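K.L.:
Supplied in structure tokens, the structure appears directly below.
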Amino acid sequence: MLRPATEHDVDTMRLLRNQQANRDVSIQSHEITADEHAAWWAKTSADPTRRVLIYEREGMTAGVVNFFDIEGSTAAWGFFLDADGLAERGETLPAWIEVMKEATSYAFDELGLELLTGEVLEHNAVVRQMNRRFRFTEGTPEQRYADGREITVIPISLRKQDRRKGK
């Protein structure tokens, strides 16, 4: 289930985002401080071109989905899961599939998008494979510098008419 994030979710979102598994596959890989996160939330929660959703699984917070740069029929997105908690419960793969289904449905059915874009790090082979399963296409990789390291970022996109529909 996806629901809008609230002020009560801010600390949990930061804890999940700071899990090592999530930092390893993020463009910004440093540990996010409480002040940095509070400033992000203050800006994000007031921005009409953004939606931050909490992914819940069996009543527990299991991830965060971010939609941003929402303009007309296009937007960008990203998400991260409670990597540690889901792994401990043996629920990583089912949660991952579920959040992608729910997030893409939200993008196309709730936000009314025609095009959903995002980015993935080149070394993140597992996410790239899952993206392909959900019919995202990859664009031309680009080199960037972030947090003192050189990374290769691959743009991804999914058109509404190309998405996998749930059964």
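The values are calculated or read from the model by the stated rules, or taken from the named source; none is laboratory data. Treat the numbers as computed from the prediction; the structure is a model and nothing was measured. Glycine also receives a Cβ, built like all others from the backbone with ideal geometry; neighbour counts cover every protein chain displayed. These area figures cover heavy atoms from the full protein model, side chains too; ligands, DNA and RNA do not enter into them. Shrake-Rupley method; radii C 1.70, N 1.55, O 1.52, S 1.80 Å.
K.L.:
For the range 70-86, which positions are touching a residue at least 60 places away in the same chain (Cβ under 8 Å) and of a type in the set (A, V, I, L, M)?
P.N.:
So in the range 70-86, the residues touching a residue at least 60 places away in the same chain (Cβ under 8 Å) come out as 80-84.
Answer for the range 70-86, where residues must be touching a residue at least 60 places away in the same chain (Cβ under 8 Å) and of a type in the set (A, V, I, L, M): L81, A83.
Residues are listed down the side, and each one gets a yes or a no for (1) within 24 Å of R135 (Cβ to Cβ); (2) touching a strand residue (DSSP E or B) at 6+ places or on another chain (Cβ under 7 Å):
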position	(1), (2)
V52	no, yes
E58	no, no
F80	yes, yes
E88	no, no
I97	yes, no
M100	yes, no
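K.L.:
Quick one: which residue in R3, R14 is closer than 21 Å to A103 by Cα and free of Cβ contacts under 8 Å to residues at least 24 places away in the same chain? Write out each step before concluding.
P.N.:
Details: R3 fails: free of Cβ contacts under 8 Å to residues at least 24 places away in the same chain.
Answer to the check: R14.
K.L.:
Sticking with this one: What number of residues within the range 121-160 satisfy the criterion of being touching a strand residue (DSSP E or B) at 6+ places or on another chain (Cβ under 9 Å), free of Cβ contacts under 8 Å to residues at least 60 places away in the same chain and open to solvent by less than 40 Å² (accessible area, probe 1.4 Å)?
P.N.:
Adding up the residues that qualify gives 9.
K.L.:
Out of curiosity, is F67 without any contact (Cβ under 8 Å) to a residue 40 or more places away in the chain, aromatic (F, W, Y) and under 21 Å from V127 (Cα atoms)?
P.N.:
Judged against the criteria, F67 is not a match.
Residue-by-condition table, conditions (1) at pLDDT 95 or above; (2) over 22 Å from I151 (Cβ atoms); (3) among the aromatic types (F, W, Y); (4) part of a helix (DSSP H, G or I):
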| position | (1), (2), (3), (4) |
| --- | --- |
| S26 | no, no, no, no |
| E31 | no, no, no, no |
| A38 | no, yes, no, yes |
| L53 | yes, yes, no, no |
| F67 | yes, yes, yes, no |
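K.L.:
Moving on to the next point. I'd like to verify a number: residues in the range 19-40 that are surrounded by 13 or more Cβ atoms within 10 Å (Cβ to Cβ) and either among the hydroxyl-bearing types (S, T, Y) or closer than 20 Å to G118 by Cα (or both), how many?
P.N.:
Residues meeting the conditions: 8.
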